[in-house]
Structure formats: structure tokens, C-alpha cells
Amino acid sequence: MTDPGAAPVAAPVVKRPRGRTALLIAAAAVLGIAGGTAVGYDVQAGRAPTPLPALSQPDLAYPAKALPADKVPDPLPASQDRRLRTDGDLRKLLADRPAGWSDDPVGWGDDKAVPVFRDGWLGVDEYASRAFKYKGPQYEYFLESGMRRIAGAAWKRGQYRTAETYLVQFRSGVVQEAQALAQGQRSYMPGTEFGAGNDGDPLKGSGNGRYYLYEVERKPGYLPTYQARAIVYRGDIMADIGIYDTVPISKKDIRTLAERQLERL
């Protein structure tokens, strides 16, 4: 608001060109612009049309043949997974198969006709169903927490001993989801309903990993089931390792597999 008692401020003075010279300069400028524009249009009209670049670029990679929506594999094959080019192949972080073991396509699952891993990958829903008792809530949690991909391997030795390793990777974010999942899994391991019924033992060299031996499970008409598990994380990856057998499993057995895997992370 203007102060009524203040002295009025004079309007700024704008100097204007005067006389015949100023008019001639202005007229020449207008003619120059108009003439240049006309010459430019005339030159362009006499040129041959310039072809546009092709829409298809040879450097772009696409699948060889598109699949129907209901046939698209999850996860994509390595040949079509663009993330592998920028973030590396997660399967290369899996520990090598130990001596004396062989590849086991179906693992310890109830359905021995279904492969546990497809080309080293496992879907999020399959991991929730295979590794956890309540698939629905666990699957929802994985989706909300930004789980990205799961790589793994299954081995067998002898008639019944089976080992499975899961590398669970999360998307980058503020919350360390790999750490949160590992801590959540370890939190219920001392219980007997979902866990091993003990506190386990620390995995040396990890700072956060632990390994466990479960109580033996016995059912009438079935062989006893023994289980061991190790949980450890580094960065955005959690390693979940399990051994299953019909005879007792030693702490050294699960610790050795966990230490081998830890060396690759």
C-alpha cells in the first residue's frame, strides 16, 4: 500500500530515436527480416525431402516371438530378462554344488513331479507356498515389501538327503527388506509351531546369520523327518538354506553349506 504522505515518484523516462535516420534504420530492419524469411522458404522448397529415421532400431532387443499373456513365464528366461544386463545374474551368486551331491530337480516338496526351480529361478508365489506354512499372507507381504526375484538350487545325496538354497533379492529402498525378512524368520525359530524350537547357533563371519536343527517330526506310517535351516543376509539379498533327511542331520552339515554360500555373497 502506498503511503499517502510520501512524495510522488516520477515515471521512468524512455528515450526514443528521433528524426529521419531512426525511421530509415527501422524500415531497413523490417525489410531485412521479411527478405530473409522469403529467401529461406524458397531455398527449402527447392530441396528434396529428407527421409525420417526408421522406427525400428537394430540395437533394440525383443523376444524372438511374443507369447500369449497366459503363457508368459514368471520369471522371464535369462535371454529375455533385461535386468540381468544391468544388475548381473543372481544365479551366479549361488554356491557351487558340493562334492558328493547331485542336482535334484524336484527337491523335498510334496509334489515330486514338479521342479522346484526353473532354470535356477523361482516365482514369488512358489517361494511363499514352498517355504512357508501360510502362503496367502506371506505372498502379500512379499509383494508389499518389494521382493524382486528369487534364484536357487536343489541338491541330493544318497536316497533321502536333500538340500535347497534360496537367494531372495529385494528392490532398493529406504527399508532394508532383506534384513527385515531375515530378522522376522529368526524371531520365530525358537518356537515349536513354526520354528526349530531353539535359538540356533551364530554363523561365524556373517554378523547376523544363524543355523538351526529342528526337532524330529514323526507321523504314523511315515519315516521320520529331520530338518536343518540357516538364515543370513547381505545387502539386498537374504540366503535361506535347508537340509532334509530321514536320519539325523549334524550342525556341521548345515553350517558347512551356509558358510559356502556366505562366501559368495
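Quick note: the coordinates plus some simple rules give every number you see, no bench work behind them. In this text, all values refer to a predicted model and were calculated from it rather than measured experimentally. Cβ coordinates were reconstructed from backbone atoms using ideal geometry, including for glycine residues, and neighbour counts include every protein chain displayed.
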> Taking Cα pairs under 8 Å and at least six residues apart, what relative contact order does the stretch 196-265 come out at, in percent?
Replying inline: 26
> Net charge near Ala178, counting Lys/Arg +1 and Asp/Glu -1 over other residues with Cβ under 9 Å of its Cβ?
Replying inline: -1
> Once the other residues with Cβ under 9 Å from the Cβ of Ile243 are scored (Lys, Arg +1; Asp, Glu -1), what is the net sum?
Replying inline: -1
> Counting Lys +1, Arg +1, Asp -1, Glu -1, what net charge surrounds Glu259 among other residues with beta carbon under 14 Å of its beta carbon?
Replying inline: +4
>> Run the paramagnetic zone check for Val216: 7 angstrom along Cα to Cβ, then residues of the stretch 228-249 with backbone nitrogen under 16 Å.
In response: 228, 244-249
> Taking only C-alpha pairs under 8 Å that are 6+ residues apart, what is the relative contact order of the stretch 120-224 in percent?
Replying inline: 15
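Show me the GluC sites (Glu not before Pro) within the stretch 157-235 that DSSP assigns to loop and that have at most 15 other Cβ atoms within 10 Å of their Cβ.
On the way: sites: Glu164, Glu177, Glu193, Glu215, Glu217; in loops: Glu193, Glu215.
Within the stretch 157-235, the qualifying GluC sites (Glu not before Pro) (loop, at most 15 other Cβ atoms within 10 Å) are Glu193, Glu215.
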>> Please state the shape class of the stretch 122-199: rounded when a/c is under 1.5, otherwise prolate if a/b exceeds b/c and oblate if not, all from the C-alpha gyration tensor.
In response: oblate
> Taking amide hydrogens as modeled 1.01 Å from N in the peptide plane, which residues meet the under 5 Å criterion relative to Arg148, leaving out close sequence neighbours?
Replying inline: Gln169, Phe170, Arg171
> If you count, for each residue, the other Cβ atoms within 10 Å and average over each peptide, how do 231-242, 247-258, 131-142 line up from highest to lowest?
Replying inline: 231-242, 247-258, 131-142
